[in-house]
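Just so it is clear, none of the values below were taken in a lab; they were calculated from the coordinates. Keep in mind the model is a prediction, meaning the values are calculated, not measured. Glycine gets a Cβ as well: all are built from the backbone with ideal geometry, and neighbour counts include every protein chain shown.
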Amino acid sequence: MERTLSIIKPDAVERNITGKVNSMIEDAGLRIIAQKRIHMTAAQAEEFYAEHKDKAFFTSLVDFMTSAPVVVQVLEAEDAVARYRKIMGATNPAVAEEGTIRKTFALSIDKNTVHGSDSPESAKREVSFFFSEIEIFE
Ligand code: CMP
């Protein structure tokens, strides 16, 4: 079994569609083994997205992710990282496949509804960024 870190982003929380996103996650065979609603500080968002700090979109990414609450989750499944990335769809919803979360709900490349870890190594870092082991129940 593998874990991945999911964030349901401000655009989805504001539209009150976290349950709809969770249904798609569960229908894809992923189990939500931890979940909480938080409002990220700028310092937290900057650290979480540190790998993007030299990108042109970094400031707008941090502004967006701190604009309203998000739901952070730990998902578990066989090949959870790849399985979640498949159901999320492409970063840019304009090119995401039909039936994916981003094709269904995302508004733009920034307001793209969900984040998922991009590798098992990132997943370990990202899960422990938001959760301690005593908050995760398998
Ligand atoms: P996410 O998976 O959360 O990781 C970084 C985010 O930056 C990404 O989703 C997008 O929402 C956002 N972003 C904005 N512009 C770009 C871009 N040109 N390429 C990749 N990510 C972008």
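Please list 3J(HN,Hα) in residue order for the stretch 36-46, calculated via the Karplus relation 6.51 cos²θ - 1.76 cosθ + 1.60 where θ = phi - 60°; whole Hz, with x for glycine and proline.
Using θ = phi - 60°, the values come out as 7, 9, 9, 10, 5, 7, 4, 4, 5, 5, 5 Hz.
Is it possible to state the helix-based mean residue ellipticity at 222 nm for the chain, with each DSSP H run of 4+ residues giving -39500 (n - 2.57), the sum divided by total residues, to the nearest 500 deg cm²/dmol? What is it?
-10500 deg cm²/dmol
Say a paramagnetic label sat at a point 7 Å from the Cα of Glu138, along Cα to Cβ; which residues of the stretch 80-124 have their backbone N under 17 Å from it?
Within reach of a label on Glu138, which here means backbone N under 17 Å from a point 7 Å along Cα→Cβ, the stretch 80-124 contributes 80-81, 120-121, 123-124.
Provide the packing ranking of 53-59, 36-42, i.e. peptides ordered by the mean count of other C-beta atoms within 10 Å per residue, highest first.
36-42, 53-59
For Ala42 and Thr91, what does the FRET efficiency come to when R0 = 35 Å and r is the distance between their Cβ atoms, rounded to the nearest 0.05?
0.95
Can you give me the orientation-averaged projected area of the convex hull built on the Cα atoms of the stretch 6-94, in nm²?
6.2 nm²
Each label point is 7 Å from the Cα along the Cα-to-Cβ direction; what then is the distance between the points at Glu26 and Lys124, in nm?
Going from the Glu26 label point to the Lys124 one covers 3.1 nm.
Using 0.36 nm per residue, how much length does the chain from Glu98 to Glu51 gain when fully extended, once their Cα-Cα distance is taken away?
Working it through step by step, the gained length comes to 14.0 nm.
Cross-link list Lys55/Lys111; Lys20/Lys124; Lys53/Lys103; Lys55/Lys86; Lys55/Lys103: which exceed 19 angstrom alpha carbon to alpha carbon?
Lys20/Lys124; Lys53/Lys103; Lys55/Lys86; Lys55/Lys103
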